[in-house]
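The values are calculated or read from the model by the stated rules, or taken from the named source; none is laboratory data. Just so it is clear, the model here is predicted, and its values are computed rather than measured. Here Cβ is always computed from backbone atoms with ideal geometry, including for glycine, and neighbour counts include all displayed protein chains. With ligands, DNA and RNA removed, areas are computed over all heavy atoms of the protein, side chains included. Shrake-Rupley method; radii C 1.70, N 1.55, O 1.52, S 1.80 Å.
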Amino acid sequence: MKSMQTQFHAANSDLLKFILEMISKKYYVCGIRLFDFEIVNISDDLNEKAVNEFDMVFVSKNAFTKADTYEDFVKAQDNNLQLSIGKEKDGKLFESSLSVTAVDEIDPDWKKIINKLKRSMNRGAWVKNPKTGAREYYKKHMYTDNAKKLYENGIAICPIADWNEYELTNETEGSE
């Protein structure tokens, strides 16, 4: 089993742009809602608000097979891209991830897409525990320009899970 993954912060507008790019390349794209499991085919009329309603988006070179459960659907996603949507809600932006898992070799197109995404991002952020005040600089943390704008406008930048917060400043800007 081979896998490739990257985590990052991106605004809904960035995620929308990525999804629409996948559609323009004629890939099959579907959104997943986990609560009351639902698979939704996505077309190019998707908007930012609708992006935030999905928990995940899958991208494939082949049509998706139907499934009644999330577990069954995921088992059928060999060598497809999986975008976990970092929600933008309640004054917070949560972390997103883009990954692919393959029984054999990972499709070279998916590798190119993930690497292109990584190259387009800013790097470096302070992670702060708001309860203790402890901070550490993570030089490999990635985020988009739009995520930084949200941060500068007062949106809290949060990991996928946990109570810590990211400060999207470089190592010297954020040092005290």
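Quick notes on this structure:
- Segment 101-176 versus segment 48-78: alpha-carbon centroid distance in Å: 24 Å
- Applying both filters, DSSP loop and at most 12 other Cβ atoms within 10 Å, to the chymotrypsin sites (Phe, Trp or Tyr not before Pro) of segment 1-61 gives PHE35.
- Positive dipole terminus of the chain, leading residue within ASN146, LEU93, ILE157 (C-beta point charges): ASN146
- Positive minus negative residues near GLU53 (Lys, Arg vs Asp, Glu; Cβ under 13 Å): -1
- Folded to 0 to 90 degrees: helix 12-24 orientation relative to the chain principal axis, Cα: 30 degrees
- Under 5 Å from the amide H of LEU93 lie the amide H atoms of ALA156, ILE157, CYS158, each residue being 5 or more positions distant or on a separate chain, with H modelled from the backbone and absent for Pro and chain starts.
- Residue among SER96, SER24, SER13 with the largest mean-square fluctuation in a Gaussian network model of the chain, springs linking Cα atoms under 10 Å: SER24
- Taking the protein heavy atoms of the chain in the context of the full set of protein chains, the accessible area attributed to carbon and sulfur is 47 percent at 1.4 Å.
- Cross-link check: pairs LYS26/LYS49; LYS2/LYS61; LYS75/LYS148; LYS87/LYS148; LYS26/LYS89; LYS49/LYS148 evaluated at a Cα-Cα cut-off of 27 Å; pairs beyond the cut-off: LYS75/LYS148; LYS26/LYS89.
- Estimated dipole of the chain in Debye, rounded to 20 [Cβ of Lys and Arg +1, of Asp and Glu -1, Cα centre]: 520 debye
- Structure-based [θ]222 nm, the chain - -39500 (n - 2.57) summed over DSSP H runs of at least 4, per residue, nearest 500: -7000 deg cm²/dmol
- Stretch in the chain that is longest and holds no trypsin sites (Lys or Arg not before Pro) that DSSP places in a loop and that have at most 10 other beta carbons within 10 Å: 67-130
- Most simply put, the chain has about 90% antiparallel DSSP beta bridges, counting only bridges with both residues inside it.
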